[in-house]
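Below is one structure. I have some questions about it.
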């Protein structure tokens with residue numbers, strides 16, 4: 001007999017006025033006008049799940065839009081460690097602005113962009129470590145449940161890196177579209193009980209449409 005904890009990762013709705021900008025963990029708004037897409041999400045996502053969002057408005061608004069589209073679920077729990085990568089001093093800038101402001105730091109960052117930290121921020125490798133800790137904690141608290149996490153592209157890539165034990169470069173290469181669904185299962189059977197189980201990837205970047 002197996003115990004399965006199933007994670008449903010939903011990336012937030014498209015950001016507003018974020019084109020060409022590194023917004024990272026800044027609290028930028030999102031567009032929730034695609035009601036047809038939200039209705040489909042309300043049909044696809046489980047009805048018996050515990051829900052989490054990050055602390056950022058765009059994940060909270062996305063969860064609210066799914067609820068308004070017809071899925072009844074408890075108030076999502078805000079979990080800051082599900083937040084997007086913090087780009088520190090570079091948040092709100094374009095890559096060209098970063099390069100012009102500090103070419104030396106910019107070039108150092110790009111020598112290893114998944115492990116080097118932006119000034120005042122965190123690396124993608126840092127985000128993978130942070131996401132792994134919160135996945136372990138929430139998975140243990142809600143074992144054998146459906147868990148819906150409305151989060152960010154970087155967070156979902158980090159979760160995939162945790163599940164498949166990927167290097168940061170491999171995790172960063174995964175495409176995660178807005179309003180897509182990715183499903184990972186943590187399976188704990190008799191042989192693995194007490195050792196964290198094993199991960200099974202059911203689907204990645206599923207863009208659901210009516």
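The values are calculated or read from the model by the stated rules, or taken from the named source; none is laboratory data. Being a predicted model, the structure only gives us computed values, none of them experimental. In this analysis, Cβ positions are derived from the backbone assuming ideal geometry, glycine residues included, and neighbour counts consider all displayed protein chains.
List the number of the failed condition for residue 201; all other conditions in (1) assigned to a strand (DSSP E or B); (2) loosely packed, with under 14 Cβ neighbours inside 10 Å; (3) in contact (Cβ under 8 Å) with a residue 60 or more places away in the chain hold.
For residue 201, the exception is condition (3).
Also: Could you please let me know if residue 176 is at negative phi, crowded, with 19+ Cβ neighbours inside 10 Å, modelled with pLDDT of 95 or more and in a loop (DSSP other than H, G, I, E, B)?
Taking the combined requirement at face value, the residue satisfies it.
State yes or no: is residue 105 more than 16 Å from residue 6 (Cβ to Cβ), touching a residue at least 60 places away in the same chain (Cβ under 8 Å) and part of a helix (DSSP H, G or I)?
So residue 105 fails the test.
Which numbered condition trips up residue 161, out of (1) under 30 Å from residue 36 (Cα atoms); (2) touching a helix residue (DSSP H, G or I) at 6+ places or on another chain (Cβ under 8 Å); (3) outside any strand (DSSP E or B)?
All conditions are met except number (1).
In this structure, is residue 59 more than 20 Å from residue 152 (Cβ to Cβ) and part of a helix (DSSP H, G or I)?
no
If you don't mind, there's one more thing I want to ask. I'm checking my understanding of the structure. Among residues of the stretch 1-17 that are surrounded by fewer than 16 Cβ atoms within 10 Å (Cβ to Cβ) and part of a loop (DSSP other than H, G, I, E, B), which one is modelled with the highest pLDDT?
16
Using the structure shown, decide if residue 131 is within 14 Å of residue 9 (Cα to Cα) and part of a helix (DSSP H, G or I).
So residue 131 fits the description; yes.
For the stretch 36-53, name all the residues that are in contact with a helix residue (DSSP H, G or I) (Cβ under 8 Å, 6 or more places away or on another chain) and assigned to a helix (DSSP H, G or I).
38, 41, 42
Go through the stretch 32-48 and give me each residue that's over 17 Å from the mean Cα position of the chain (by Cα) and either closer than 20 Å to residue 7 by Cα or surrounded by 15 or more Cβ atoms within 10 Å (Cβ to Cβ) (or both).
Within the stretch 32-48, 32, 34, 37, 38, 39, 40, 42, 43, 44, 46, 47, 48 qualify.
Tally up the residues in the stretch 128-146 that are within 13 Å of the chain's Cα centre (by Cα) and within 20 Å of residue 50 (Cα to Cα), please.
Adding up the residues that qualify gives 4.
Then there is this: Tally up the residues in the stretch 57-79 that are over 23 Å from residue 5 (Cβ atoms) and either surrounded by fewer than 21 Cβ atoms within 10 Å (Cβ to Cβ) or touching a helix residue (DSSP H, G or I) at 6+ places or on another chain (Cβ under 9 Å) (or both), please.
Final tally of qualifying residues: 8.
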